[in-house]
Amino acid sequence: MTETSERPAPASEDILAIDHLHHRYGNVTALKDVSLKVRRGEFLTLLGSSGSGKSTLLRMIAGLEMPTSVDVFTLEGRPMAQVPANHRNVSTVFQHYGLFPHLSVGQNVEYGLHVRKIPVPERRRQAEEMLRLVKLDGMYDRPIHALSGGQRQRVALARSLVLKPAILLLDEPLGALDEKLRLEMQIELLSLHRTLGMTFIYVTHSQEEALTMSHRILLMSNGEIVQEGRPEDLFDRPSNRFAAEFMGMENIFTAEITAIDGGVISVTVNGAHLRGLWTGKTQPRIGDPIAVAFRSEKVKLARDKGALGGDANRFEATLKSRVYKGKYLDVVAASALGDVRLRLWDDHVVLSDQFKIEWRPTNTVVIPID
Amino acid sequence: MATASGTFTRFISPSGVSPLGVSAVLGAWMLIVILPLLGLVLWSFLKLENFQLVWEPTLQAYRDLLSSGRWEVTVRTLRIAAIVTLIELALAVPFAVWLAKGTRSVPVKVITLAALTIPFFLSLSARTIVWRAVLGLNGPINSALMSLGLIDQPLDWLLFSEFAVIVGLIGPYFPPMVFPLYLAVTLIGDELLAASKDLGASPAFTFRHVILPLALPGLGAGFIFTFIPMIGDPVVPELLGGGQVVVLASSVKSLLQVLNYTVAAALSVFMLAIMVGLAAILTLVLRGRVRRQST
């Protein structure tokens, strides 16, 4: 999170605007009423599981596919809906990099400059400069097959960046890398973004990648944008059941509204009362189908009177199972709500069979079931 | 250690192929292919006297070959093969690219590939003889041209000419050019084509700088499967050349008919040398290019 706050905020000017985009493959709806605005210099992430439409949306922005219908589609103020990829000032880093196996590292990086008929010495100069930027100095003459996965990734980046595109599109670029390399590349992508001040649109299925890297996240499901906001918004305030599940809220219960007091909602789950904050887009009414959700790490053991104050959600609980994970302890406890998951970070926690659990209403979201 | 010796006696080569089987195949290959070829080479260095082989080495057969005007036949054969190969290339490259990358429809692909193999069900002579009716003086082409008023007299060079032979060769040698090309283009990842487009390349640029270099092995194979067998093919030139278009293969046949075995052998060895030479040059050229792009 500190990474995000250090970065310069994006400009207020929109570099990309899409309104009411629909896309169908035959009878299958791939994208449904997608609207988005991207500000210059922003790091925007399209987050979603496979089949959510995030890669299709990226291909639309790249111009590799044309939308079935769209009201507004402008890039740097110019209409782009029917402009093919080779005439768009955006560039894609593909999931499997799409490097040309018959060309050397340098020739790959120069490809776009070659297309633009830049003279050979100038091409080479720019390519070498870009290779330095992605830390591949002196690799100009290497064949692609002699590179590691991480190095290929960098060549693909350099090949796109050398064209100075208005927007750099990244399609799950770290998906093929191992854990350690992925973390390294995340940091490097962020530093590239900071150095270049370029607009990045990043596609991923990893909420962790999205949270660490983005200014803003669009969460997608079934071809629709389900929620949009800053990483903190999505993590702490998922606005519907899908978002809550996708962002890893382990405790989700179907509930009924009993009272509405401004943003604070009182609900019952299996007859048990608790309170939380409404995060849905429209105001709730008593009787709406809703659910209540909270994170396992927000649930604490309540000692005596409880440390979280009088308004906390507090329940008697019985130990069902415990799994030691090294850094923390994962506990499942039966309560009046049903089974509640706890993640306890205290080293010296001693669990008896009966204990009290509590968590704050501000750490509890009440969401519509869609 | 006791078990180790046991393992040694039951040695199986790493490829899992028994050495016995390999030698059997090699032996049969020697017997069926190499031995007759060696016989051919041997005969080409002998001479005939009163239809009897004289067993002393001589270059007489090759001298006869040179003096009998067969250079003209050689040049004609190579010319026809080269022209047809170029036509096949011009037709097959766009066709293969379309079939491999241009159409997403599986039924279209299956039907097209099937249509390409159907001609193999019919004998080459049966397929070729149809052209006689099409290209003949009273054939549909001449009638059409005359009824359009483009010509007054039927064109007599349509049939029994080098033109007819070239037209007749295009069909049978199209599939062997298309198939390896199709396979080579299929192996080019869609992501490469998308990347090229994304980087600003026009379709022509992508074709020239991505598809063509990556399809080169298929191009080489297509060349070997068309140009080289065409040099040894007498059927189409005989049926559509009408004795006007003599090629090396028919030349060998006519030499055999007059029982001139040694010169026929010499001519065969000569043809073989041309084919092996071409294949070798091609292999060397391609190997250099392919090695650079191998993954």
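The values are calculated or read from the model by the stated rules, or taken from the named source; none is laboratory data. Keep in mind the model is a prediction, meaning the values are calculated, not measured. Virtual Cβ from ideal backbone geometry, glycine too; neighbours counted across all protein chains shown. Heavy atoms of the whole protein, side chains included, go into the accessibility calculation; ligands, DNA and RNA do not. Shrake-Rupley method; radii C 1.70, N 1.55, O 1.52, S 1.80 Å.
Amide H to amide H, with H built 1.01 Å from N, A:Ala291 comes under 5 Å of A:Ala255, A:Ile367, A:Ile369, counting only residues 5 or more places away or on other chains. Counting only residues at least eight positions apart within a chain, or on another chain, the lysines with an alpha carbon under 24 Å from that of A:Lys300 are A:Lys320, A:Lys325, A:Lys327, A:Lys356. If you take the charge dipole of the protein assembly as shown about its Cα centre, with +1 on Lys and Arg Cβ and -1 on Asp and Glu Cβ, which of A:Leu161, B:Val285, B:Val41 is farthest toward its positive end? Result: B:Val41.
Could you work out the mean projected area of the convex hull around the alpha carbons of chain B, in square nanometres to one decimal? It would help to have the intermediate numbers written out before the result.
Working: hull surface 104.6 nm².
The Cα convex hull of chain B, projected and averaged over all directions, gives 26.2 nm².
Estimate for me the total accessible surface buried between chains A and B (protein heavy atoms, probe 1.4 Å, no ligands or nucleic acids), in Å² to the nearest 100.
Working: alone 17660 and 17640 Å², together 33260 Å².
Result for this pair: about 2000 Å² buried.
When the P(r) is computed for region A:2-236, the part past 31 Å accounts for 21% of the Cα-Cα pairs.
A loss of 30 Å² or more of accessible area (1.4 Å probe, protein heavy atoms, ligands and nucleic acids excluded) relative to the isolated chain is seen in these residues of region A:86-131: A:Asn86, A:Phe94, A:Gly98, A:Phe100, A:Pro101, A:His102, A:Tyr111, A:His114, A:Val115. Comparing A:Glu245, A:Glu172, A:Glu224 in a Gaussian network model of chain A where C-alpha atoms under 10 Å apart are linked, the largest mean-square fluctuation is found at A:Glu245.
A 1.4 Å probe run over region A:45-111, with the rest of the protein chains in place, finds 33 Å² accessible per residue. For region A:21-47, the residues whose backbone nitrogen is under 18 Å from a point 7 Å from the Cα of A:Ser69, taken along Cα to Cβ, are A:21-36. Bridge orientation summary for the protein assembly as shown: considering DSSP beta bridges with both residues in this region, about 75 percent are antiparallel. Rg and Dmax of region A:67-125, both derived from C-alpha coordinates alone, stand at 15.1, 44 Å. When the charge dipole of the protein assembly as shown is built from unit charges on Cβ atoms (+1 for Lys and Arg, -1 for Asp and Glu) and taken about the Cα centre, the candidate among A:Gly63, B:Leu259, A:Phe73 whose Cα reaches farthest toward its positive end is B:Leu259.
When the Gaussian network model of chain B links Cα atoms closer than 10 Å, the mean-square fluctuations of B:Val167, B:Val285, B:Val247 top out at B:Val285. Dividing the convex hull volume of the alpha-carbon atoms in the protein assembly as shown by its residue count gives 301 Å³ per residue. Taking the accessible area of chain B, probe 1.4 Å, and keeping the other protein chains in place, the carbon and sulfur fraction comes to 73%.
Dimensions of region B:142-295 based on its C-alpha atoms, expressed as ranges along the principal axes with the largest first, amount to 62, 53, 17 Å. Normalised by residue count, region A:241-368 yields a Cα convex hull volume of 103 Å³ per residue. Note that region A:333-344 has calculated 3J(HN,Hα) couplings of 10, 7, 9, 4, 6, x, 6, 10, 9, 10, 10, 9 Hz, one per residue in order, obtained from phi through the Karplus relation 6.51 cos²θ - 1.76 cosθ + 1.60 (θ = phi - 60°); glycine and proline are x. Note on the protein assembly as shown: with charges restricted to the Cβ of Lys and Arg (+1) and Asp and Glu (-1), its dipole about the Cα centre is near 780 debye.
The relative contact order of chain B, computed from alpha carbon pairs under 8 Å that lie at least 6 residues apart in sequence, is 25 percent.
The charge dipole of chain B, taken about its Cα centre with unit charges on the Cβ atoms of Lys, Arg (+1), Asp and Glu (-1) only, comes to about 780 debye. Candidate membrane-span-like segments in chain B, meaning DSSP H helices with Cα atoms spread over at least 24 Å of their own axis and a Kyte-Doolittle mean of 1.0 or above, are B:70-97, B:212-231, B:261-293, with no membrane implied.
Note on chain A: GNM, Cα springs under 10 Å; of A:Asn86, A:Asn251, A:Asn108, the largest mean-square fluctuation is that of A:Asn86. For chain A, the membrane-span-like helix rule (DSSP H, alpha carbon extent of at least 30 Å along the helix axis, mean Kyte-Doolittle at least 1.0) picks out no helix; this says nothing about an actual membrane.
Please compute the contact order of region B:186-284 in relative form: average sequence separation of alpha-carbon pairs under 8 Å and at least six residues apart, divided by the residue count, as a percent. The partial results should precede the final answer.
Values: 47 pairs, mean separation 20.8, N = 99.
Result for region B:186-284 is 21 percent.
Counting lysine pairs in region A:2-236 whose alpha carbons fall under 28 angstrom apart, excluding pairs fewer than 8 residues apart on the same chain, gives 9. In region A:9-62, inverting the average of 1/r over every pair of distinct C-alpha atoms gives 12.3 Å as the Kirkwood radius.
Return the inverse of the average 1/r over all pairs of distinct C-alpha atoms in region A:1-138, which is the Kirkwood hydrodynamic radius, in Å to one decimal.
Working: mean 1/r = 0.0572 Å⁻¹.
Taking every pair of different Cα atoms in region A:1-138, averaging 1/r and inverting gives 17.5 Å.
Expressed as a whole percent, the accessible surface of chain A that belongs to carbon and sulfur atoms is 50, based on a 1.4 Å probe. 3J(HN,Hα) couplings calculated from phi for region A:258-266 with the Karplus curve 6.51 cos²θ - 1.76 cosθ + 1.60 (θ = phi - 60°) are, in sequence order, 10, 8, 10, 10, x, x, 8, 10, 9 Hz; Gly and Pro show x.
Under the criterion of Cα pairs below 8 Å and six or more residues apart, the relative contact order for chain A equals 15 percent.
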